[in-house]
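Trainee: Would you mind keeping the following structure in view while I ask a few things?
The values are calculated or read from the model by the stated rules, or taken from the named source; none is laboratory data. Quick caveat: nothing in here was measured; it's all calculated off a predicted structure. Cβ: placed from backbone, ideal geometry, glycine included. Neighbour counts: every protein chain shown.
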Amino acid sequence: MPCSRTEHLLREYFADDLDPVVRAEIEQHVGNCPDCAGELRQLLGATADLRRWRELPPPRWHRHLALFKRERGAGATGPSGWRLAWQWLPATACALMLGLVLLNTSVVYRDGVVEIGFGSPSMAEVDRRLAEFQREQAEERASFAATLARFEQLRAQDLETIQASYEWLADRDYETVQSLRQLVSFVGSSGVATW
Ligand SMILES: [Zn+2]
């Protein structure tokens, strides 16, 4: 027959602010009550498992997530936060790449440690790299403009072809109408038939 006090006693036993007197009472009862003793053994086993589980080192992503949350403010994270981060990712990546190129950054992965070194280039070197970057941008823009111009040219040619075809068709129609008129006038004048 299960002990009616088991649930209550064990809840007390695992409370944080357990009075030593109460603890002694509970332990005395558990010593005499097989039901409570069995229940306690199970709970202790469970807590031991929990403790073992907690002692496992947390995976790295867990710490990164915690850092991220702390930076963003606790409770303020959510889908909107992530979406905002993703929204800015391309621009951030672009700026980062430019920064890496300009500052002559070297990233070395050695023995599980990432080392980032800055070449500390002279201002002239920075100017040179920036000019190169701008030149590449200008080249890309020029290339795009050339493609656009070529497309416009082709479109104009197509329009000319269509117009010429239309004029040719119109001429043919004119000729056909003229022929019909001649035929009608011929038939009418010869008196074979009248319209
Ligand atoms: Zn009991």
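Trainee: Could you say whether any residue in segment 142-160 is in a strand (DSSP E or B) and either modelled with pLDDT under 70 or under 36 Å from the mean Cα position of the chain (by Cα) (or both)? Let's see the steps before the verdict.
Mentor: Our first condition is that a residue be in a strand (DSSP E or B); within segment 142-160, this holds for none.
Looking through segment 142-160, none of the residues is in a strand (DSSP E or B) and either modelled with pLDDT under 70 or under 36 Å from the mean Cα position of the chain (by Cα) (or both).
Trainee: I need every pair where a residue in segment 5-18 that is without any contact (Cβ under 8 Å) to a residue 12 or more places away in the chain has its Cβ under 9 Å from the Cβ of a residue that is of a type outside the set (A, V, I, L, M) and within 10 Å of the ligand (Cβ to nearest atom), sequence separation at least 6 or different chains.
Mentor: Glu7/Glu39
Trainee: Could you list all residues from segment 1-34 that are touching a helix residue (DSSP H, G or I) at 6+ places or on another chain (Cβ under 8 Å), within 14 Å of the ligand (Cβ to nearest atom), over 19 Å from Gly45 (Cα atoms) and in a helix (DSSP H, G or I)?
Mentor: His29
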